[in-house]
Each structure stands twice: as C-alpha cells, then as structure tokens.
Amino acid sequence: MSSLSVEMLAADPAPISSAGHAQLGIAVLAGIAVIVLLITKTKLHAFLSLTIGSLVLGAVAGAPLDKVITSFTSGLGDTTASVGVLIALGAILGKLLADSGGADQIVDTILAKASRRSMPWAMVLIAAIVGLPLFFEIGIVLLIPVVLLVAKRGNFSLMRIGIPALAGLSVMHGLIPPHPGPLVAIAAVHANLGVTLALGVLVAVPTVVIAGPVFSRYAARWVDIQAPDRMVPERPSEDLEKRPGFGATVATVLLPVVLMLAKALVDIVIDNPADTVQRTFDVIGSPLIALLAAVLVAMFTLGRAAGFSKGRMSATVEKSLAPIASVLLIVGAGGGFKQTLIDSGVGQMVLDISKDWSIPALLLAWLIAVVMRLATGSATVATVSAAGLVAPLAADMSTAHVALLVLAIGAGSLFFSHVNDAGFWLVKEYFGMDVGQTIKTWSVMETIISVVSLIFILLLSLVL
C-alpha cells in the first residue's frame, strides 16, 4: 500500500500564508472548530458555517484577507463547476424515477419474486438499485415507507428488513459516484472516475452484505420492534396512466454506470490516447455525457412510458432542481474550504510533518474523515475536508491507489452517525425508536460499513 510521501510537490504555487507549522496547525483546528460549533451548536447552515470557517482559517494562518477570499471563491467555483452539473443531472434522473412509478416498479417486481428467507437480500438489492441515482436523504424518504410496509404486512422484525435497506443506501452514498461525496473527493485528488467506480463496486458488494443482511440478524435481537402503525403509509391512489417496465427502468438507472465502467475498461485495454475507440469512450463515458444520456433516455423509458405530457415532464425536471440548491451550496463551500486549506500551505504541512510517519496514506485519509464525521455529523463535510487535507498525498500514487484514497475518505465519512447527523433523526423517527435503540442499530451499522470497507480497501491496496 502507498505510505505517506516525503517528496515535495514542485508544481504547487506559493502558499498565501508564510506561517510555520504550529500556526498552521492552530489555524486548521480553529477553522474546523468554528465549523463544528456553528453547525452543531448554533444550527447555522453548513454553507455559511464552511464560509465563515474558511475565513477564520485564513485569518489565524496570517494570510491576507483578500487572498483568503480569492482562494475560497476559486475553490467554490472549481468544485461547483466539476460536480454541480452532475449533481443536477442525478437529481433529475432520481425525480423521473420516483414520479414515473419506476421506483415502485423495481420494488414491487423484486418483492414479488422474493421468498420470506431472502427478503433481507431483496431489500439490499432494491436499495442499491434505487439508491444509485438518488441522494441519501431522498433515498431514505423513498425507501423507508416500503420497508415499513414490507415489515408490517410480512410480520417481520423491523430491523431485519430496515437495516439491509439502510446499508444499501449508505454504501452507495459513501463509495459510489455519482453521489456528491465521492465526486468531490475524486475532483480534489484528481482520481480516475471509472477506476474509482469499478473499485468502489468491488468494495461495496462484500461491505453491504456484512453490514446489511448479516448484521441485521443481530440488530433484530438487540432491538426487536415492529413497524410503528403511525408511520406505516397507505399507498396513494395512482394518477399515472401506466408505469414503466421493470427491465427498461433498471437499464435506465444502470446506463451511466455501464458507460463509465466501459470507459475505464477501454482505457485499461487500449491505453492509447490517440486511438479513435478510446477517444470515443472517453467522451461517452465521461460523467457529464453518461448522466446526460441517462436523463434523456429516462424521459422516454420512464416519463413517456408513464404517460407524461410535455408539460408534466418539464415540471418534473424543474421540481427536481429546487431541492438541490442547498446541496450545491454546501458542496461548493466545502470546495472553498478545501482550497483555503491547500493555499494556506496546510497540505504541504501534512507532507512535511508526516514524512517520518509509518501511517499509510489510506489509513490517514480514513482517520481524518472519521474525525470530521464525528465532529460535524455530515458525510459531505467530512469528505470535502479530508480530501483537501490529503490531496497532496496523491501526487506520487498510481491511478488505482488514488482511487482507493477516494474510497478510504468515503469510508471514513460514514463512521458512527449520531445525534448531529440528520440521517440519525430520520431513521429514529421513521422507525419509532428512541436514541439508544437508534445508536445500537443505525449508528453501529454505519460504523460496520466504515470499518469493513476500510479493511477491503487496504487489502486491495496490497495487490494493486
């Protein structure tokens, strides 16, 4: 596995601060502390908290305020430009999937073919497929009503059904692009998206099995509860002419993944940038084109198949974009904070201080993300912060190890969700649990995902 580099980064621009390591270290702690306190204590929006924290970081580091502002706005713009369009396309695809009845079609088809014994595995499959194009919170809102219905009608322990679904959603959110966290980390460390996606799937499969169906056996014993009657939804009356077919829906959802994986495979097999085939796949397998293609296809395979008029199609796309404004602002501000860290010289400080350490870079990236996750409760903030701090470590890594660095950051960002995480409260309220029960199930499941995925990442680093 790749350990921390001791080499200097010759291409780095001069830092905006001339502070020594001690002052930079204090600046980092001050900036992070401000972000944590503003998010957790004053409940200030993460966008504002990250913006203020970036200014505090620069000020404590002794950097000129105008240069701090330039670094922050530059990072915000670069991050938004690199992932903002992808997030928007993913939101459109998810909205089309939900409003057309395609998500219900996937759920109903799989559950109809699943036996009682295989139901936890079916829930993992549903969560993985439906959660692929959706933000985590949207996935929870979409899937938990299904979980409650299945548990109630099948007389299952709620944890036996719920934990596998939550594990599938969480693993997708933390490890698999085009979710915002992995995309931001990929942009920050200049990882290859196709390779990251392929390795992410390789890590995600065994991780979700252990944290989902396997762990749910124990979670159901620790917290043996049934679906709360007050939360079990009634299926709404259908206002759709018809629903899209199962095969067409699954094919549409998986289309961007297939295109990006195909690009990665062609890059490996041909490895000639001048080759026409490789250049073609470099275009169609790029995240922007892959997701755009999926959205355009979805308008026909999902929207038209459900009988959407042109007006309703337009309204669906418009409604999908409004809720992501907050996500885009948080991701952008996180990129600004990351750039302020780098321009202040913090990234180089990490290299300088750690040159005699024996801690592998992958483990360091995971630990930093864990600390930020525990402190802020936000997987996205944890991912952005960790990516900014360890970005210089990727300079001398191979393509595969840079991808593993992204996955290590994503794994750390999922560690032990607790009371400062919105997802914690969503799960608690939907499942009708108290805080202690939520910690013993949801929080432990998140920790298992984080640790197990790290183990597989480290094992992969030994053979790649």
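Where a number appears in this text, it was derived from the coordinates with a stated rule and is not lab data. Keep in mind that what you see is a predicted model, and the values were worked out from it rather than measured. Glycine gets a Cβ as well: all are built from the backbone with ideal geometry, and neighbour counts include every protein chain shown.
Peptides 433-444, 161-172, 318-329, ordered by how many other C-beta atoms sit within 10 Å of their residues on average, highest first, read 161-172, 433-444, 318-329. The Cα-based radius of gyration and maximum Cα-Cα distance (Dmax) for segment 20-155 are 22.2, 65 Å.
Taking only the alpha carbons of segment 245-359, we obtain Rg and Dmax values of 20.9, 64 Å in that order.
Legend: calculated FRET efficiency, Asn272 to Asp229, from the Cβ-Cβ distance at R0 = 45 Å, rounded to 0.05, equals 0.10. Once the Cβ-Cβ distance of Ala293 and Trp121 is raised to the sixth power relative to R0 = 25 Å, the FRET efficiency obtained is 0.25.
Extents of the chain, largest first, come to 64, 57, 45 Å (Cα atoms, principal axes, whole angstrom). Adding -39500 (n - 2.57) for every DSSP H run of four residues or longer, then dividing by how many residues the chain holds, sets the calculated 222 nm ellipticity at -23000 deg cm²/dmol. Placing a pseudo-label 7 Å from each Cα along the Cα-to-Cβ vector at Leu254 and Ala59 gives an inter-label distance of 5.3 nm.
Modelled label positions at Ile26 and Asn155, each set 7 Å beyond Cα in the direction of Cβ, lie 6.7 nm from each other. Could you tell me which helices of the chain pass both thresholds, a Cα extent of 18 Å or more along their own axis and a mean Kyte-Doolittle hydropathy of at least 1.0, with helices taken as whole DSSP H runs? Qualifying helices: 21-40, 46-60, 65-99, 136-153, 158-175, 193-209, 246-269, 325-343, 361-376, 399-412, 444-463. Look at where the Cα atoms of segment 152-177 and of segment 383-456 average out, and the two centres are 16 Å apart. Could you count how many Lys pairs in the chain have their Cα atoms under 19 Å apart, skipping same-chain pairs fewer than 8 positions apart? For the chain, the number of qualifying lysine pairs is 9.
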